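The values are calculated or read from the model by the stated rules, or taken from the named source; none is laboratory data. Note that the structure is predicted; figures quoted are calculated from it, not measured. As a convention, Cβ positions derive from the backbone with ideal geometry for all residues, glycine included, and neighbour counts pool all protein chains shown. Side chains are part of the model used for accessible areas, which takes the heavy atoms of the whole protein and leaves out ligands, DNA and RNA. Shrake-Rupley method; radii C 1.70, N 1.55, O 1.52, S 1.80 Å.
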Amino acid sequence: MSDKTVFYTAKICPFAHRADIAFREIGLDVEKVEIDLNNKPSWYNSVNPESKVPALTIQGKNIAESLVLIELANDLKPEAGLLPSNPVTRAQIRFVIEYFSSKVTSPWYGFLRDFKKENLKNYLDGLDAAYARINELLLEQAPTGPYFLGSQFSLADVAIAPFVIRQEASRKGFFKDAQIEAFTKYPRVKEWVEGITSHPSVKDSYPGDDYINDKFKSRWGLYSL
């Protein structure tokens, strides 16, 4: 059995970015393999039959799916504190991850796929409503940030930061005149967004706005609204 730990990733992918952040947080030594999502190697099916990233080969086993991998990171080094010991707080972390995915990330992908100026207002209105609820969830944890739990960086931030940073990249790149009102209306949300996107493990593993927006252009034909 090989003792090599191999991380299969793609810089464009926010799901893979989640795992990259978590592995950096626990100091996991990995060999990185970049997968071209437009031209996946045939051998990759033997690693992940779903042919998606991220995936990890560890202790001779192949593990896939971003949320599974970030929880694995916590289990490998619980003293890193990515998940607190309190079971209710752990459940709240899992809830905000799911809420953000359904109320922010899914509409964002929908907007990019049907990228028209007439769809912008509905998209922004939906974001403002979602962030109003996220503000409540943040304040339940702590009155100030910069992270979901307050001063402690956790799996909530690991799971959400890759999407926030890409969503802001797309806004600045393609509809920069449109402002997300929640970022000015709710100080706790603004502090959180700034805190998680500037966190070292997030920033150091992010390929940059220009790279992301170039990929968005080629994939969805985006243009400035």
Output the residues belonging to segment 52-70 that are in a helix (DSSP H, G or I) and surrounded by 19 or more Cβ atoms within 10 Å (Cβ to Cβ).
SER66, LEU69, ILE70
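This table checks each residue for (1) under 24 Å from PHE175 (Cβ atoms); (2) of a type in the set (S, T, N, Q); (3) part of a strand (DSSP E or B).
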position: VAL33; (1), (2), (3): no, no, yes
position: ASN39; (1), (2), (3): no, yes, no
position: ASN45; (1), (2), (3): no, yes, no
position: LEU127; (1), (2), (3): yes, no, no
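Could you grab me the full set of residues in segment 74-121 that are outside any helix (DSSP H, G or I) and open to solvent by less than 40 Å² (accessible area, probe 1.4 Å)?
GLY81, LEU82, LEU83, PRO84, PHE115
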Members of segment 89-142 found to be within 19 Å of ALA156 (Cα to Cα), charged (D, E, K, R) and out of contact with any Pro (no Cβ under 9 Å at 6 or more places or on another chain), listed by number:
ARG94, GLU98, LYS103, ARG133, GLU136, GLU140
Failed item, numbered, when LEU138 is tested on (1) crowded, with 16+ Cβ neighbours inside 10 Å; (2) more than 29 Å from LEU72 (Cβ to Cβ); (3) of a type in the set (A, V, I, L, M)
(2)
I need the full set of residues from segment 203-225 which are without any contact (Cβ under 8 Å) to a residue 40 or more places away in the chain and either within 17 Å of the chain's Cα centre (by Cα) or more than 29 Å from ARG24 (Cβ to Cβ) (or both), in order please.
LYS203, GLY208
If the Cβ limit is 7 Å and pairs must be 6+ apart or interchain, which residue in segment 167-192 that is more than 20 Å from PHE153 (Cα to Cα) pairs with which residue that is in a loop (DSSP other than H, G, I, E, B) and aliphatic (A, V, I, L, M)?
ARG171/ALA178; PHE174/LEU222; PHE174/LEU225; PHE175/LEU225
Considering each residue of segment 118-139, count those that are within 16 Å of SER102 (Cβ to Cβ) and either aliphatic (A, V, I, L, M) or at pLDDT below 95 (or both), and give that number.
6
Would you mind telling me which numbered condition in (1) open to solvent by less than 20 Å² (accessible area, probe 1.4 Å); (2) in contact with a strand residue (DSSP E or B) (Cβ under 7 Å, 6 or more places away or on another chain); (3) assigned to a loop (DSSP other than H, G, I, E, B) LYS4 fails?
(1)
With (1) over 20 Å from the mean Cα position of the chain (by Cα); (2) more than 19 Å from LYS215 (Cβ to Cβ) as the list, and GLU65 as the residue in question, which single condition is left unmet?
(1)
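Rundown of residues vs (1) part of a helix (DSSP H, G or I); (2) at pLDDT 95 or above; (3) of a type in the set (Lys, Arg), yes/no style:
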site	(1), (2), (3)
VAL164	yes, yes, no
GLN179	no, no, no
VAL189	yes, yes, no
VAL193	yes, yes, no
PRO207	no, yes, no
ARG219	yes, no, yes
SER224	no, no, no
